[in-house]
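What follows is one structure encoded as structure tokens, with my remarks underneath.
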Amino acid sequence: MSRIPAPWTMKREVLVKSKSETDPNFGCKPEDRPYPDLIKFGVINLDKPPGPSSHEVAAWVRRIIGVNQIGHGGTLEASKPEKSQCDRRSADSP
Amino acid sequence: MTGVLPIALEEATKTIHVLLEAGKEYVCVMRLHSNVPEDRVKEVLTEFQGKIYQRPPARASVKRRVRIRRVYYIDVLEVDGRDVLFRIGCQAGTYIRKICHDVGEVLGCGAHMQELRRTRSGPFTEDENSVTLHDIVYLYSKWQETGDLKYLRRFVLPMEKTLEILPKIYIRDSAVDAICHGAHLTAPGVVSLETGITNGCKVAILTLKGEAVALARATASTKEILNMSYGIVARNERVLMPRGTYPKMWRSKTGRS
């Protein structure tokens with residue numbers, strides 16, 4: 001079977017349709033966002049540890065950073081579902 | 001299972017479905033249930049490249065009907081006895097556990113997935129931006145101590161990073177607020193655009209500063225959009241930028257702006 005190229009190997013070119021300049025008084029470059037917006041429009045490239053589920057890890061990050069809403073891209077299942085649940089129970093009880 | 005797990009904060013969660021549909025890459029250890037010649041294993045794994053039929057495994061979060069998934073590549077990295085280490089690039093929704101199982105069926109000896117690590121999720125890879133939970137705790141407390149934004153910037157990336165895998169359309173300042181209010185993008189608003197846009201494909205609309213304005217669905221190809229002087233070029237699907245970030249430059253139909 002012939003190989004299908006992976007989407008991330010695709011190179012795109014930018015073509016100009018018309019000329020225009022942007023007003024520096026409004027908005028800002030994504031990499032220069034000031035503090036609250038930095039978090040509000042931010043993503044984290046997390047290296048998930050083994051054990052807990054993706055949902056648990058996302059919830060921990062939410063608690064660490066103290067944000068209201070969080071979402072993760074693509075579930076990585078917990079390594080051993082039965083064991084992980086035991087761990088969770090023991091971790092929750094004092 | 002470990003590896004790349006992108007986490008979107010607050011407003012950036014609107015971009016998460018882009019990642020859910022994005023291609024993934026994994027490194028996997030498959031354990032065979034009996035000794036098989038190395039060449040035979042490699043041969044069978046090669047057969048799993050391209051379009052494959054896959055029924056999601058018993059423990060799955062989707063309906064268990066046969067689906068077609070694209071496997072971009074499978075590269076065997078190492079074979080140690082019955083353990084096979086390979087790298088696989090595939091479409092979203094491909095179950096690697098199931099691929100290992102199916103490879104075992106083809107070989108006739110059976111096999112299972114011993115270990116899995118995701119090395120890519122869309123534009124996110126194991127690079128210098130990747131952080132562990134410990135890094136986050138450390139960097140966040142460091143930021144709280146010092147108030148130096150460089151600690152936050154070290155692990156919180158702009159959501160535009162997520163949109164890297166989509167073809168982009170850059171628009172003029174005067175069109176931004178209209179899009180923020182839900183308008184569709186029309187040809188005069190377009191300043192530049194990337195190649196590879198086709199009718200019906202998902203695109204990201206960005207300002208000239210590179211900020212994400214909205215996610216949209218193109219209604220024409222790159223070539224067509226370049227030659228259009230009026231009409232809708234992309235239908236707004238998800239607004240990402242808050243209203244009022246850029247000044248309102250459009251007038252309502254009643255005449256008063």
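For this structure, a couple of remarks:
- Among residues of segment A:1-30, those that are of a type in the set (D, E, K, R) and farther than 29 Å from B:ARG117 by Cα, counted: 6
- All of B:ARG64, B:ARG55 fail the test of being loosely packed, with under 13 Cβ neighbours inside 10 Å and either within 28 Å of A:GLY51 (Cα to Cα) or among the β-branched types (Val, Ile, Thr) (or both), apart from B:ARG64.
- B:ILE165 at pLDDT 95 or above and closer than 25 Å to A:PRO7 by Cα: no
- Residue within segment A:27-35 that is in a loop (DSSP other than H, G, I, E, B) and either farther than 26 Å from B:GLY210 by Cβ or modelled with pLDDT under 80 (or both) present: no
- Listed conditions (1) closer than 20 Å to B:VAL131 by Cα; (2) without any contact (Cβ under 8 Å) to a residue 24 or more places away in the chain; (3) basic (Lys, Arg) are all met by A:LYS48, apart from (2).
- Answer residue from segment B:162-186, given it is of a type in the set (D, E, K, R) and out of contact with any helix residue (DSSP H, G or I) (no Cβ under 8 Å at 6 or more places or on another chain) and is surrounded by the fewest Cβ atoms within 10 Å (Cβ to Cβ) among those: B:GLU164
- Tabulated pairs, segment B:103-128, first surrounded by fewer than 17 Cβ atoms within 10 Å (Cβ to Cβ), second part of a strand (DSSP E or B) and of a type in the set (S, T, N, Q), C-beta under 6 angstrom, 6+ apart or interchain: B:GLU126/B:THR119
- Subset of segment B:151-182 (residues that are within 23 Å of B:LYS223 (Cα to Cα) and under 24 Å from the mean Cα position of the chain (by Cα)): B:LEU163, B:GLU164, B:ILE165, B:LEU166, B:PRO167, B:LYS168, B:ILE169, B:TYR170, B:ILE171, B:ILE179
- Scanning segment B:187-199 for residues that are more than 7 Å from chain A (Cβ to nearest Cβ) and surrounded by fewer than 18 Cβ atoms within 10 Å (Cβ to Cβ) returns B:PRO188, B:THR198, B:ASN199.
- Search result, residues across segment B:140-184 that are aromatic (Phe, Trp, Tyr) and within 9 Å of chain A (Cβ to nearest Cβ): B:TYR140, B:PHE155, B:TYR170
- Pairing residues of segment B:212-241 that are closer than 17 Å to B:ALA178 by Cα with residues that are charged (D, E, K, R) and assigned to a helix (DSSP H, G or I), at Cβ distances under 6 Å and at least 6 apart in sequence or on separate chains, gives B:ALA212/B:GLU160; B:ARG238/B:LYS14; B:LEU240/B:LYS14.
- Residue selected from segment B:16-71 under the condition among the small types (Gly, Ala, Ser) and in a loop (DSSP other than H, G, I, E, B), by the criterion nearest to the other protein chains (Cβ to nearest Cβ): B:GLY23
- Scanning segment B:105-143 for residues that are within 25 Å of B:LEU20 (Cα to Cα) and in contact with a Ser or Thr (Cβ under 9 Å, 6 or more places away or on another chain) yields a total of 10.
- Once segment B:200-231 is narrowed to residues that are within 13 Å of chain A (Cβ to nearest Cβ) and among the β-branched types (Val, Ile, Thr), the residue that is farthest from B:VAL18 (Cα to Cα) is B:ILE225.
- Residue under evaluation A:ILE4, criteria (1) more than 7 Å from chain B (Cβ to nearest Cβ); (2) of a type in the set (A, V, I, L, M); (3) crowded, with 16+ Cβ neighbours inside 10 Å, criterion not met: (1)
- Test for B:ILE74: is it β-branched (Val, Ile, Thr), surrounded by 16 or more Cβ atoms within 10 Å (Cβ to Cβ) and assigned to a strand (DSSP E or B): yes
- Output for segment A:24-46, where each listed residue is more than 7 Å from chain B (Cβ to nearest Cβ) and over 16 Å from A:GLY66 (Cβ atoms): A:PRO24, A:ASN25, A:ASP32, A:PRO34
- Residue match in segment B:137-151 (condition: part of a helix (DSSP H, G or I), in the same structural domain as B:VAL44 (by TED's automatic domain parsing) and touching a helix residue (DSSP H, G or I) at 6+ places or on another chain (Cβ under 8 Å)): no
The values are calculated or read from the model by the stated rules, or taken from the named source; none is laboratory data. Just so it is clear, the structure is predicted and the values come from calculations on it, not from any experiment. Neighbour counts are summed over all protein chains in view; Cβ atoms, including those assigned to glycine, are modelled from backbone coordinates with ideal geometry.
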